[in-house]
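The values are calculated or read from the model by the stated rules, or taken from the named source; none is laboratory data. In this text, all values refer to a predicted model and were calculated from it rather than measured experimentally. In this analysis, Cβ positions are derived from the backbone assuming ideal geometry, glycine residues included, and neighbour counts consider all displayed protein chains. Surface accessibility is based on the protein's heavy atoms, side chains included, excluding ligands, DNA and RNA. Shrake-Rupley method; radii C 1.70, N 1.55, O 1.52, S 1.80 Å.
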Amino acid sequence: MPVMEIKNLTKDYGHGRGVFDVSFDVEKGEVFGFLGPNGAGKTTTIRHIMGFSRPQQGYTYVNQRDSWSNYYINQKELGYLPGEIALPESLTGTQFIKMMAELRCITDSTHTDYLIGKFKLDPSGGLKRMSLGMKRKLAIVTAFMHDPDILVLDEPTSGLDPVMQEVFIDFIREEKARGKTILLSSHIFSEVDATCDRIAIIKDGKIVSTVVADDLRHSESKTFKLEFLTKDEFERFRQEVEYPGKLEVVSVKRHRNQAKIQVNDQDINHYFGTISEYQLKFMSEIKFTLEDYFMAFYDRNPQQEGGQNYAAH
Ligand SMILES: Nc1ncnc2c1ncn2[C@@H]1O[C@H](COP(=O)(O)OP(=O)(O)OP(=O)(O)O)[C@@H](O)[C@H]1O
Ligand SMILES: [Mg+2]
């Protein structure tokens, strides 16, 4: 049974805005990444999961309960980090934490103190004067302070400095090891790469891809960039590999005597045997990253499906 179930969720704000027929599941113990360009529909989907907004069609379930009709139960059981943080400006951070603890009936502050220490938060100042990063840290502490099993995090690290982003990644891994189920929307590929088991990509309100992160990480082919010492060597190579063989030429730059070659892992010895017959100026491997895969979807051209041939460059 999935912990979060989003089924045919539709909210049409008009003019092509909103979310349309969005479906995905988040399983127990999974860190699920939710990616997409600005305005794609991440926050809209998340607000439905939290029960803040009523679907026009479809539904979202958390723990087999409809989000909209179980709003109050979900508020207690979930940890939520909003994308846009609105805090009562008249309070200090300490007062805000105390208020949240009382609302959640937390009497033992051990876990809260651990989080404050982990994220190096000084909550003593007024919320009005807190920097974006400080507010984000405060929101992280209050999202996790009741130690919920399910977390819904909307761009949790935006505004955090790189050191704190690393602390956050480390923390998410710890929470995953403790069995937490986490939905995490993000624009930061390295963060998603470092934490997520599966990833859904949303574009123009529709899910365009759902991938198992390990499938992308363990691509079964490699891409090499070669530059030949002379034009003759380059042309000789091209003629040889034009015959059906085990090397796939992805692209060539004739004027530079350069070629990009894609090789299946099992053909790697054949590849090195072949290129050892040529005089090369240099060779380098082009590493495929999750970012390469995602960037294809970030292309604004609606005609382009993107991301299909993720091994190509
Ligand atoms: N309450 C609303 N009324 C009308 N349009 C809305 C409303 N909320 C969101 N939208 C529109 O729906 C689309 C999706 O917005 P959403 O905030 O879900 O995007 P997002 O993926 O979270 O983007 P970002 O990465 O910028 O946070 C946008 O075009 C937005 O303008
Ligand atoms: Mg958003």
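Things to note:
- Look at the alpha carbon pairs under 8 Å that are at least 6 residues apart: their mean separation over the length of the range 4-217 gives a relative contact order of 30 percent.
- By the Stokes-Einstein formula, at 1.002 mPa s and 20 °C, the range 221-286 with its Kirkwood radius over alpha-carbon pairs has D equal to 184 µm²/s.
- Distance from the range 138-195 to the range 43-83 (C-alpha centre basis), Å: 19 Å
- For the chain, convex hull volume per residue from C-alpha positions, Å³: 177 Å³
- For LEU280, distant residues with modelled amide H under 5 Å away: LEU229
- FRET efficiency for the pair TYR114 and ASP197, taken as 1/(1 + (r/R0)^6) with r the Cβ-Cβ distance and R0 = 22 Å, rounds to 0.30.
- Accessible surface, the chain, averaged per residue in Å² (probe 1.4 Å): 52 Å²
- Rounded if a/c under 1.5, otherwise prolate or oblate - the range 193-304, Cα gyration tensor axes: prolate
- Accessible area of the range 195-246 belonging to carbon and sulfur atoms, whole % at 1.4 Å probe: 47 percent
- Segments 179-187, 90-98 sorted - mean Cβ within 10 Å per residue, highest first: 179-187, 90-98
- Charge dipole (the range 34-143, unit charges on Cβ, about Cα centre) - positive-most of MET134, CYS105, GLN57: MET134
- Linear extension gain, ALA86 paired with GLN57, 0.36 nm per residue minus alpha-carbon span: 7.6 nm
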